[in-house]
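The values are calculated or read from the model by the stated rules, or taken from the named source; none is laboratory data. Only a predicted model underlies this, so the values are computations on that prediction, with no experimental measurement involved. Cβ coordinates were reconstructed from backbone atoms using ideal geometry, including for glycine residues, and neighbour counts include every protein chain displayed.
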Amino acid sequence: MIFVGKMKIAAFNFNRLGVTEVENEAVRNNLIKIVSRYSVVVILEVILEGKEEDGSSMEKFLTHLNNDAKNINHPYEMQCNGFLGPGKLKEKFVFFYRKDEVTLIDSFQYEKDGDRLHRPFVLYLECPKTALCVYSLRTKAVFRGLPEGLNMKIAAFNAKNLGWKKVTDKTVVHYLTKIMSQYSVVVILEVMDKSGKAMERLLKKLNNSSNSPYTMIASCRLGRDTYKERFVCFYREEDVTLEACHQYEDNQIGDVDAFAREPFILRFSCPSTVVKDLVLIPVHTKPTDSLKELDELHDVVTSIRQKWGTDNIIILGDFNADGRYLSQKKKKKIRISSAPYHWLIDDDVDTTSSNFNDHTYDRIVVYGQSMLNTIVPGSAKSFNFQTEFDLTDEETLSVSDHYPVEVELKEQKAQTQRKPAQPRTAKTAKTTKTAKTAKTAKTTKTTTTTKTAKTTKTAKTAKTAKTTKTAKTTKTAKTTKTTKTASPEEQKKGPQEMNVAPKRKRGPPSDTLAKRRELEQMTDQHDDA
């Protein structure tokens, strides 16, 4: 069990919990008392019994649990995986969590090829009232098996005339922060905040509901006339670092003032993702000029590639790229509609919250195949917050008439550490192939010949052994201090100075034959050791 502030989290192996135990009132009541102590509890060894065909016993238990007097005002929700196991006895993990204390963001059944045993079932929970932040843990190596839903998310969101009135509305700001807190980087469009105080207030509200703090950067007010907007980017400091920003100057020769709101371009370093250097180009086109502005984005991309020397570019925002503003026929004429550009939000995706249309105004476009390869496949989509938060039409439109569009970046996998390569001379030393050399190697585990000499009866004997016909130990580099390739200076030295085995010398004179035999016997004993 883990205590996190006032919130308790637990795991409980019930020992074969099934329909029989749930139907037993005494057992069920005791289990309710146990579960009710925790904000989140996972029950292990939940089994499928013979008389239970669909595994609905846990749903029945959830009903009893929430009918208990202690839980009526603080009900639980349940999340479980399928039954797993190699034999007839199948088990599953069942999570019960109080929905007023935590929010289920995602769940994931870990899969591994050929694994027939009980695989981990992972829950990703948002805990706004605690100091625990699961989000921050996803960069650690132990969490590399988590689902793609835990990769780094980037989004653009047209928040519809976002200013002081909306950020001081408790309901609106509540849902705004819930939406924004899902992303590592989120660019807010259509910000109508002249003084900047509204965005400072929104940043404070956002950080009050998040244990991983955000930082904000805003463009100047952009627009041709009295109607002006800002691009405002909120980003998590622990996920990315803002390296540079650039307000595009719309002064191309022969085509001045192509944009109603010139792109505010951001450059981030992203240490935990495959792409390390990332450029974002937020866009909010004027609806009646969307064709021209979208075509001009190619010049913006070219300018940034030259300025910063990178092709890791994502264009995102409200393109007004659908309906009467941009037909399919006209879309084909713009330069960013074909290679090397890749449009990630399909034309049939509804990015508007209005019931009067289902247009795909908001888009995400990446430049080049290399950048595309860093995107989690299929992750680009709109986030329907009305469905997610069960809002009425009125509540939804009070937040925005657009849905955010989002995409996920692939996480950098933990690298396996390689063992350092062995020095080249160490491999050369293995060229002594005789069986006796192999035996000698066993006695030369130390790096100095002095230590090797200790295996003989006297140091003098070890030195004398070098002059005999049986001095095999000097043939291997393992008995020397030197393991590197000889330098040019060393090559000028004699073989003894270079620790290379010298040629065999003739034996001693015949008048020392008895002493010679004694030395040979001692050397043979040394070789056999």
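Which of the residues spanning the range 263-283 are over 15 Å from THR310 (Cβ atoms) and surrounded by 22 or more Cβ atoms within 10 Å (Cβ to Cβ)? Answer for the range 263-283, where residues must be over 15 Å from THR310 (Cβ atoms) and surrounded by 22 or more Cβ atoms within 10 Å (Cβ to Cβ): PRO263, PHE264, PRO282, VAL283. For the range 327-351, the set of residues classified as touching a residue at least 12 places away in the same chain (Cβ under 8 Å) and in a loop (DSSP other than H, G, I, E, B) consists of LYS333, ILE334, PRO340, LEU344, ILE345, ASP346, ASP347, ASP348, VAL349, ASP350, THR351, listed by residue number. Residue selection: ARG224 fails the criterion of being modelled with pLDDT under 90, more than 18 Å from PRO404 (Cα to Cα) and not assigned by TED's automatic domain parsing to the domain that holds ALA380. Contact annotation: residue pairs with Cβ atoms under 6 Å, 6 or more positions apart or on different chains, pairing a residue in the range 378-392 that is closer than 14 Å to ASP358 by Cβ and without any contact (Cβ under 8 Å) to a residue 40 or more places away in the chain with a partner that is part of a loop (DSSP other than H, G, I, E, B) and among the aliphatic types (A, V, I, L, M), are SER382/VAL349. Examine the range 265-272 for a residue that is in a strand (DSSP E or B), touching a Ser or Thr at 6+ places or on another chain (Cβ under 8 Å) and either more than 30 Å from ASN151 (Cα to Cα) or of a type in the set (Gly, Ala, Ser) (or both), and state whether such a residue exists. Yes, some residue in the range 265-272 is in a strand (DSSP E or B), touching a Ser or Thr at 6+ places or on another chain (Cβ under 8 Å) and either more than 30 Å from ASN151 (Cα to Cα) or of a type in the set (Gly, Ala, Ser) (or both).
Looking at GLU45, GLU52, just one residue is at negative phi, acidic (Asp, Glu), modelled with pLDDT under 90 and in the same structural domain as ARG98 (by TED's automatic domain parsing), and that residue is GLU52.
Kindly indicate whether GLU101 is under 24 Å from GLU388 (Cβ atoms) and either in a strand (DSSP E or B) or modelled with pLDDT under 85 (or both). It is false that GLU101 is under 24 Å from GLU388 (Cβ atoms) and either in a strand (DSSP E or B) or modelled with pLDDT under 85 (or both). Residues that are more than 16 Å from VAL283 (Cβ to Cβ), touching an Asp or Glu at 6+ places or on another chain (Cβ under 9 Å) and β-branched (Val, Ile, Thr) within the range 317-374 comprise VAL349, THR352, listed in sequence order. Screening ASP257 against (1) buried (at least 21 other Cβ atoms within 10 Å of the Cβ); (2) at positive phi leaves a single unmet condition, (1). Residue check: is SER210 crowded, with 16+ Cβ neighbours inside 10 Å and polar (S, T, N, Q)? Yes.
Checked against (1) at pLDDT 95 or above; (2) under 15 Å from VAL187 (Cα atoms); (3) surrounded by 23 or more Cβ atoms within 10 Å (Cβ to Cβ), VAL301 passes all but condition (2).
Tell me, which residue of the range 352-371 that is farther than 18 Å from LEU297 by Cβ and in contact (Cβ under 8 Å) with a residue 12 or more places away in the chain is surrounded by the fewest Cβ atoms within 10 Å (Cβ to Cβ)?
Step one: of the range 352-371, the residues farther than 18 Å from LEU297 by Cβ are 352-359, 369-370.
Pick out the ones that are also in contact (Cβ under 8 Å) with a residue 12 or more places away in the chain and you get 352-355, 357, 359, 369-370.
Numbers: THR352: 20, SER353: 19, SER354: 14, ASN355: 9, ASN357: 12, HIS359: 19, GLN369: 11, SER370: 13.
Looking at the filtered set, the residue picked out is ASN355.
Being part of a helix (DSSP H, G or I), in the same structural domain as VAL399 (by TED's automatic domain parsing) and over 18 Å from VAL275 (Cβ atoms) is a description that applies to LEU297. Scanning the range 316-352 for residues that are closer than 22 Å to GLU406 by Cα and touching a Pro at 6+ places or on another chain (Cβ under 8 Å) yields LEU316, GLY317, ASN320. Taking TYR235 as the residue in question, decide whether it is of a type in the set (Ser, Thr, Tyr), assigned to a loop (DSSP other than H, G, I, E, B) and farther than 18 Å from ASP299 by Cβ. When the stated conditions are applied, TYR235 does not pass them. Taken over the range 1-42, the criterion of being modelled with pLDDT under 85, of a type in the set (A, V, I, L, M, F, W, C) and either at positive phi or outside any helix (DSSP H, G or I) (or both) is satisfied by MET1, ILE2, PHE3, VAL4, MET7, PHE14, LEU17.
Within the range 164-189, the residues that satisfy the criterion of being at pLDDT 95 or above and not in a helix (DSSP H, G or I) are THR168, ASP169, TYR183, SER184, VAL185, VAL186, VAL187, ILE188, LEU189.
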